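Here's the structure, in structure tokens; my notes come after.
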Amino acid sequence: MNLITINTNTPWGNSAADLNENFSRTNIEIEKLKLASIAFKGYFTDSTSLTNAIPMPIIGDFAWVGTPFPGTVYKCQTAGTWINTGTAPDTPAVNLDNWSQTNW
């Protein structure tokens, strides 16, 4: 992303357009990141709730489906279709051993 340099010694009126252009460019990049990072569609207790919530997934979308939590991974490999991969998702873990002795 190429931002316009804002000089500190120019009148506000001369810099306002450049600032607005920088905000616009930054917003475009944020929207690109949102689209790129929202492939995970969430957790659903069953496949019916998943297809009701997201009936037309795009390739790359995935969700966790089933009980008990976290269920299995459903992926979209063909536009508009969810597939049960049969694999359990990698869930994050937090090690709480000796947490009270940690020097934050």
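Each value in this text was obtained by applying a stated rule to the coordinates, not by laboratory testing. Just so we're clear, the structure is a prediction, and the values are computed from it rather than from any experiment. Every residue, glycine among them, receives a Cβ derived from its backbone with ideal geometry; neighbour counts consider all protein chains shown.
Residues V94, V65, V73, arranged from fewest to most other Cβ atoms within 10 angstrom of their Cβ, appear as V94, V73, V65. Springs join every pair of Cα atoms under 10 Å in this Gaussian network model of the chain, and among W82, W64, W12 the largest mean-square fluctuation is at W12. Averaging Cα coordinates gives a centre for segment 36-56 and one for segment 83-103; these two points are 22 Å apart.
Using 0.36 nm per residue and subtracting the Cα-Cα separation, the extra length available between I30 and I83 on full extension is 16.1 nm. With respect to the chain, whose longest principal axis is taken over its alpha-carbon atoms, helix 12-37 is tilted by about 10°. A helix-only calculation puts the chain at -10500 deg cm²/dmol for mean residue ellipticity at 222 nm, using -39500 (n - 2.57) for each DSSP H run of at least four residues, averaged over all residues. The phi-based Karplus calculation (6.51 cos²θ - 1.76 cosθ + 1.60; θ = phi - 60°) puts the 3J(HN,Hα) values of segment 60-67 at x, 5, 8, 8, 9, 9, x, 10 Hz, whole numbers, x for Gly and Pro. Inter-label distance, A17 to T5: 1.9 nm, where each label sits 7 Å from its Cα along the C-beta direction.
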